[in-house]
Structure formats: C-alpha cells, structure tokens
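The values are calculated or read from the model by the stated rules, or taken from the named source; none is laboratory data. These numbers come from a predicted model, not from an experiment. Because the Cβ atoms are built from the backbone with ideal geometry, glycine has one as well, and the counts that use them run over all protein chains shown.
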Amino acid sequence: MKIRVGTRASLLATTQTAQTMATLVAAHPDLEVETVFIRTAGDVRQDVPLAQVGGDGLFVKELERALEDGRIDVAVHSLKDLPTAQPDGLELAAILPREDARDAFISAAGTLLGQLPDEARIGTGSSRRQAQLAVQGRPWQVRGLRGNVDTRLARLQEGAFDAILLACAGLDRLDRGAVITERLSFLQMLPAPGQGAVVIQCRSEDAALRARLSAVDDAATRAAVTAERALLACLHGGCSIPLGALGRVRDDRMELEAFLGMPDGSDHVRLSWTGPLAKPVALGEALADRLFEAGGKAILGRLGR
C-alpha cells in the first residue's frame, strides 16, 4: 500500500514527518511512503507576529486543503498548531506518544533563567511564554522572535538576544538538545496545549487507512491533549492566546493544569482540576469554567476575546 504524506518543508517538519512515518512503517512493513512538500501561510510570513498574520491554522490550512482535494492521503502536524475545530471530513487518526512537553531556555552565557540579570533581552514569538515570564516579576525585556530553529539560534549567537525560548520536543527531534541551557519546569512555565505531540490527520472516509494509523495512536497522550484542547476551545482561544495547559495521567484519573494571563503580567490565573481519565473533554470544560470564575473572563475581555 502506498500513501502520500503531506508536510511543511522546514527541517523540523520534515524530520518529525520522517520519524512519524518510520514508526508507522515499523507497524506496517508493507507501506510505501511518498512525501509531498506543501508551503503554508505561516512559512511565507515570518516578518510579523503570528497573531497579526491571522493566527489559527497558519501552519495547517494548506495541508488540510491538500487532504480535502485528494492530493495527499495523510498530513503530519505538530498538534499545538492545529485549531481545535476539525474541518468536516477530516479527523485526527493517530496521536503519537508525547515527547518532552517542556519549554527550553537557551542562554548565550549559559546562565539559568533565574540567574538572568535585570534588563536581559529574551526572544520569543509566544504570548504564552511572554505572560509567564512577566508574572515572575523581573524587568526582563521580552522581544519578538520568529523563524525556524536555526534562524532563532543564529539570532542568539549574533547577540540580538541574551536568551531565547523554544520547545524542547522540537530540539530533541532535531538532535539539538545539547543547546538547551535549562529545561524549564512546569512550575516555571506551562506548555501550549498539545505541545510535544505529533498527529497524523486523514480523511474520515478512508476507513482502511484509519485502521492502519490507529496502530501508532497513544491512548494516554490522546486523553491528555484532548483535555487541553477542550479547555482551549471553551476559552475560544487559538495559538495566539496566552494560555498554558498540561494534562497528566495518573492511573484512571487525569490532572489538568492551566495558566491564563496578560502578556504584560498585569493579571493572571493558574488553576488545576482532576477528573476521570475516560472523560477528558468534560475535564477541560470543567477547568475552563473555573478559570472564568477565578478571573479568566476579565482577562479574556482585556485580550479582546
């Protein structure tokens, strides 16, 4: 059986697609894979913040159109890039085991985050990271930074920043974990919903293909990220909202923790809630309600949500 897999052409995207397809072929040795490279809006516009380009779905819409048009059979995505609402006729057929969901702190001088001097320049394109840095109460200068991994690392080496933040999972997939100064704890910074997870998307009508893809689906990861994305959906948020969330499976229960704050640190709320592992959507919705009641509604209003 031959399948055409769609991916962005960046080094990280192609690397994680190759790793994902290798896992799938290991489960189904008769599979033959053809890679189709697709350029997305998020790849084209790297000169402005994501929220100004259009926000949600910037790295996936063209891939989804290729699925709908029949130009590819599956698409591989970083789950954190996917909007919470799936287009009609498409589904997330497999969510692979989650890799390190933590954020990576990379310092030019090799110092830890807590050791950074006042007025240090920190580069990130994420309002989530900016908000969680801001609530630490230090007068750091958080500045915008976009581009692929090598571009961001080069800006650090050139002296444009004293430190930058990236995702540990992406660096690990590229075998670049050695550049990480500190893997930030979840107490320091909660990740984006779905961070560290890779998903295979396909057409709902392709029953035989969906059955094959199910062989690499990880139930614990699916439950955790389903709760995180249900929370995000309830807050009517997208990739640009300053929200961190993490689901952690504990036997037949799951704990979901979330942070929502203003990018300037002027207001924030952080809560956790526990529920049955078998009901991740209900858990996400329950925590969303509590975030609203604890001040999240006011924060979202200030954010224009």
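Computed quantities for the displayed model
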| read-out | value |
| --- | --- |
| Members of segment 253-270 found to be in contact with a Phe, Trp or Tyr (Cβ under 6 Å, 6 or more places away or on another chain) and either surrounded by fewer than 17 Cβ atoms within 10 Å (Cβ to Cβ) or at pLDDT below 95 (or both), listed by number | Arg270 |
| Segments classed as helices (runs of 4 or more DSSP H), wholly inside segment 205-294, with at least 2 members that are within 26 Å of Thr23 (Cβ to Cβ) and of a type in the set (D, E, K, R) | 207-213, 219-234 |
| Selection count, segment 222-252, where residues are over 21 Å from Gly295 (Cα atoms) and either assigned by TED's automatic domain parsing to the domain that holds Ala26 or surrounded by fewer than 24 Cβ atoms within 10 Å (Cβ to Cβ) (or both) | 8 |
| Some residue of segment 25-45 being modelled with pLDDT under 95, in a helix (DSSP H, G or I) and surrounded by 22 or more Cβ atoms within 10 Å (Cβ to Cβ) | yes |
| Qualifying residue in segment 175-187 (condition: among the acidic types (Asp, Glu), modelled with pLDDT of 95 or more, farther than 23 Å from Leu300 by Cβ and surrounded by fewer than 17 Cβ atoms within 10 Å (Cβ to Cβ)) | yes |
